[in-house]
Amino acid sequence: MPGMETGSARLTSLDALRGMDMLTILGIDALVYSIYPLFSGNEFWQEARAQLGHAPWAGLRLYDCVFPLFVFIAGMSMCFSQLRQMDSPGWRVLRKLWTRAALLVILGFFINGNISWDLQHMRFASVLGLIGLSCAFAGSFSLLCGGRIWASLVLVTLLLTGVGVAQYAGGDFSPGGCFNAKVDALLCPGVLHSGSYDPEGPFCIISATALCLLGYCGGRLFLNIANPVLRALTMLAAGVILFAAGQLIPLPIIKGIWTPTFVLSCAGIGAVLLSVLHLLIDVAGLQKWCMPFRVVGLNALAAYMVIHIVNFQALSARLLGGTWGLFLSPDWQRVANAAVALLLAWWFCYFLYRKRVFIKL
């Protein structure tokens, strides 16, 4: 398959997309925020600033898709990973899936803050935990159904229908009255991220499992279609259909509670982006330009962990803040500081890349 390593089924465009997604929260968002005050009257920067912020509640912005895109990519990666483990016993693959999920849940505790096991003050739900558990559920089902796309799509339909019916009949789509808030109050101990509900809570894991399965189906599509151009065009068509479904179904698009329309819209955006990158990188062979993104994509977990441990903004200010003050205005100092912080975070990933250190679970 063009663009994939035969032995490892590695898709270059998938690594690049993961890197683009990670760089968005690694510092591109902060850089745009710092530039915006200088050009606040410019429509382009107004839209860029808006898209790199979350929708207040209902609605969809590009920044809302950053985390779900990781879930979609994880589903595709899981498909290729299962291909490499075809000769392994099923129980061993399942053990690896659930061990990885457990480790990600624990790492999520660490990212959230102090692991005190205090049910009143510790937050148990997390981004990493949701990724790990949704992949474990999706991966377990894909193994049980033998990787059949139709079976995964049937389950996705059932899951999203069930979520939609429960949210429509059991709540009012408000932060305090939504069905997810009721589930979180019942099942999720400790602190909830948004007060009345948690965007990584138990019910959101069901929606994320559906999104992961859609990513898995995308991986199967890539493996099943030999012609690279047809493969990309099919992925593009699937993405358009998924996004259209997310826009047309009469339910609000709400990231905080992972409504079915939000899941479908994010899956559609992920599929469209991957199809374009696949054509450019894997089919046309234009790979050099994506190296900065691939460097990050190959160590996305390490990058995510380090930005929660190291304050690159503070480090940048400590190293060069005084220098910027000699010849830049305060507004441009903030831009320079954000740019250097982004470069420092990227350099960390590049250092690991040069040393051939790839931190994965």
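The values are calculated or read from the model by the stated rules, or taken from the named source; none is laboratory data. These numbers come from a predicted model, not from an experiment. Virtual Cβ from ideal backbone geometry, glycine too; neighbours counted across all protein chains shown.
Taken together, Leu242, Leu315 contain a single residue that is buried (at least 18 other Cβ atoms within 10 Å of the Cβ), of a type in the set (A, V, I, L, M) and touching a residue at least 24 places away in the same chain (Cβ under 8 Å), which is Leu242. Taking the criterion of being among the hydrophobic types (A, V, I, L, M, F, W, C) and either in a loop (DSSP other than H, G, I, E, B) or farther than 26 Å from Asn180 by Cβ (or both), the residues of region 69-89 that qualify are Met76, Cys79, Phe80, Leu83, Met86. Of all residues in region 90-106 being over 13 Å from Leu361 (Cβ atoms) and in contact (Cβ under 8 Å) with a residue 24 or more places away in the chain, which is surrounded by the most Cβ atoms within 10 Å (Cβ to Cβ)? Taking the candidates together, the pick is Val93. Scanning region 45-61 for residues that are closer than 17 Å to Asp198 by Cα, crowded, with 16+ Cβ neighbours inside 10 Å and without any contact (Cβ under 8 Å) to a residue 60 or more places away in the chain yields a count of 0.
Do we find a residue being more than 14 Å from Leu11 (Cβ to Cβ) and either of a type in the set (Asp, Glu) or crowded, with 16+ Cβ neighbours inside 10 Å (or both) anywhere in region 271-281? Checking region 271-281: at least one residue is more than 14 Å from Leu11 (Cβ to Cβ) and either of a type in the set (Asp, Glu) or crowded, with 16+ Cβ neighbours inside 10 Å (or both). Here Leu155, Leu144, Leu186 are screened, and the one residue that is surrounded by 15 or more Cβ atoms within 10 Å (Cβ to Cβ) and either within 30 Å of Met86 (Cβ to Cβ) or modelled with pLDDT under 95 (or both) is Leu155. The condition of being assigned to a helix (DSSP H, G or I), under 18 Å from the mean Cα position of the chain (by Cα), among the charged types (D, E, K, R) and farther than 20 Å from Leu187 by Cα holds for only one of Arg100, Arg92, that being Arg100. Among the residues here, Ser207 qualifies as of a type in the set (S, T, N, Q) and out of contact with any Gly (no Cβ under 9 Å at 6 or more places or on another chain). Within the option set Asp198, Asp172, being touching a residue at least 24 places away in the same chain (Cβ under 8 Å) and either over 23 Å from Leu104 (Cα atoms) or not hydrophobic (A, V, I, L, M, F, W, C) (or both) holds for one residue only, Asp198.
Yes/no matrix, rows are residues, columns are (1) more than 30 Å from Leu103 (Cβ to Cβ); (2) in a loop (DSSP other than H, G, I, E, B):
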residue	(1), (2)
Ala314	no, no
Gly325	yes, no
Arg334	yes, no
Ala339	yes, no
Phe351	no, no
Ile359	no, yes
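With respect to being aromatic (Phe, Trp, Tyr) and in contact with a helix residue (DSSP H, G or I) (Cβ under 7 Å, 6 or more places away or on another chain), Phe109 falls outside the description. Against the conditions (1) in contact with a Ser or Thr (Cβ under 7 Å, 6 or more places away or on another chain); (2) outside any helix (DSSP H, G or I), Val66 satisfies every one except (2).
Looking at Asp64, is it free of Cβ contacts under 8 Å to residues at least 60 places away in the same chain, crowded, with 18+ Cβ neighbours inside 10 Å and closer than 28 Å to Val295 by Cα? When the stated conditions are applied, Asp64 does not pass them.
Checking each residue in region 312-361 for being of a type in the set (Lys, Arg) and within 23 Å of Leu38 (Cβ to Cβ) picks out only Arg334.
For region 112-139, a tally of residues being touching a Phe, Trp or Tyr at 6+ places or on another chain (Cβ under 9 Å), surrounded by fewer than 17 Cβ atoms within 10 Å (Cβ to Cβ) and touching a residue at least 12 places away in the same chain (Cβ under 8 Å) returns 1. Sort out which residues of region 343-361 are of a type in the set (A, V, I, L, M) and buried (at least 20 other Cβ atoms within 10 Å of the Cβ), and write them in order of number. Scanning region 343-361 gives a single hit, Ala345. Summed over region 23-40, the residues that are farther than 27 Å from Leu301 by Cβ and β-branched (Val, Ile, Thr) give a count of 1.
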